[in-house]
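The values are calculated or read from the model by the stated rules, or taken from the named source; none is laboratory data. These numbers come from a predicted model, not from an experiment. Cβ atoms come from the backbone with ideal geometry, glycine included; neighbour counts cover every protein chain shown. Quick note on the areas: whole protein, heavy atoms, side chains included, nothing else; ligands and nucleic acids left out. Shrake-Rupley method; radii C 1.70, N 1.55, O 1.52, S 1.80 Å.
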Amino acid sequence: MSQPALKTEAAKPAIFIDGEAGTTGLGIRERLAEMHDVEVKSIDPVLRKDPKARQAMMEAVDLVVLCLPDEASRETVALADELGNRAPRIIDASTAYRVAPGWVYGFPELTADQSSKIANAERVANPGCYPTGALALLRPLVDAGVMSADYPVTINAISGFSGGGKSMIEAWESGKSPQFELYGLGLQHKHVPETQMHSGLTRRPIFVPSVGHFKQGMLVSVPLHLAMLKGASSSNDLRKLLADRYAGSRFVMVASEEETAALGNKLEPQALNGSNRLELFVFGNEAHGHAILVARLDNLGKGAAGAAVQNLRLMLGLGEHIV
């Protein structure tokens, strides 16, 4: 399937970031500023809430990235719908469309053909930061039949406070928050539906997020009982499965046994800050029959702005550029 033609006749495709003043929007704009093959258009700040002005901007560009709250994203998509065949292609960074029919899920490494689906999509839902790490670990196991779809999965994660939006950032930077806290303990976190759907799990996973006193960086971990898996009796079996799945990937790396051992059974969350990389680790204790899968990423990089830029370059046929 060929990629849709660009709307503009100029050499550079035009992009509008609706919500460019937010954390994710700023991250996308900073990344695009380093790229000379795109043009970023901005709306007059006075008109940023004017539906007609925003609709006119959408009609004038090739692609719009929505960095808005869920309801505002839905309202903006409705404005795009009114444009008919003059509508731009859309990437939505909210949770509004991550499990919605007609939207392509924007995790290029999810399956072998996901990047081509994104490249040809009119509308792409950018993944959540936590699901990006969880899906990178879980989907290969489910696809291979190593993990049954009804496995009782528990996902534990920690993020820097920048992932919590404006109010959380202000609380942590003002010193009004504790150094560490669990949250989402009502077990209704908004990232669970997309994690379950795109992992292929039929049993709803238990997700326990937490936030620490650092701005950005993330660890997502999944503990496993090896005896409950099929065809993977050791941590090395799991490591090989993941390494084979992501062989040749530019942005997803699987640590070798030697690299994992060199960590000394410790892992910190900030090593990938500023990048679009995702690192996967397998720790294990064969005597106890236990393993822990861990994903490390920048919650503002591969978990948000980096992923959006990776997706928009796929959609516009521009090739890989980001670090």
query = Has segment 200-217 got any residue that is of a type in the set (Phe, Trp, Tyr), closer than 26 Å to Arg31 by Cβ and under 16 Å from the mean Cα position of the chain (by Cα)?
reply = no
inquiry  = Among the numbered criteria (1) closer than 21 Å to Gly102 by Cβ; (2) under 22 Å from the mean Cα position of the chain (by Cα), which one does Ala87 miss?
reply    = (2)
request  = With the checklist (1) in contact with a Phe, Trp or Tyr (Cβ under 7 Å, 6 or more places away or on another chain); (2) part of a loop (DSSP other than H, G, I, E, B); (3) farther than 30 Å from Arg250 by Cα in hand, flag the one item Glu109 doesn't pass.
outcome  = (3)
query = Which condition number in (1) in contact with a Gly (Cβ under 9 Å, 6 or more places away or on another chain); (2) open to solvent by less than 40 Å² (accessible area, probe 1.4 Å); (3) modelled with pLDDT of 95 or more is the one that Leu242 fails?
reply = (1)
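Residue by residue, here is whether (1) out of contact with any His (no Cβ under 9 Å at 6 or more places or on another chain); (2) open to solvent by 30 Å² or more (accessible area, probe 1.4 Å); (3) part of a helix (DSSP H, G or I) holds:
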| residue | (1), (2), (3) |
| --- | --- |
| Leu135 | no, no, yes |
| Val142 | yes, no, yes |
| Asn156 | yes, yes, no |
| Gly163 | yes, yes, yes |
| Glu170 | yes, yes, yes |
| Pro193 | yes, yes, yes |
| Lys215 | yes, yes, no |
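To keep it simple, each residue is scored yes or no on (1) surrounded by fewer than 21 Cβ atoms within 10 Å (Cβ to Cβ); (2) closer than 21 Å to Ala121 by Cβ.
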{"position": "Gly19", "(1), (2)": "no, yes"}
{"position": "Arg29", "(1), (2)": "yes, no"}
{"position": "Glu34", "(1), (2)": "yes, no"}
{"position": "Val40", "(1), (2)": "yes, yes"}
{"position": "Ile43", "(1), (2)": "yes, no"}
{"position": "Val46", "(1), (2)": "yes, no"}
{"position": "Arg74", "(1), (2)": "yes, yes"}
inquiry  = Condition check: without any contact (Cβ under 8 Å) to a residue 60 or more places away in the chain, out of contact with any strand residue (DSSP E or B) (no Cβ under 8 Å at 6 or more places or on another chain) and of a type in the set (D, E, K, R). Does Glu257 satisfy that?
reply    = yes
Residues satisfying the stated conditions in segment 100-128, i.e. open to solvent by 20 Å² or more (accessible area, probe 1.4 Å) and in contact with a strand residue (DSSP E or B) (Cβ under 8 Å, 6 or more places away or on another chain) = Ala100, Gly102, Trp103, Val104, Glu109, Lys117, Glu122, Arg123
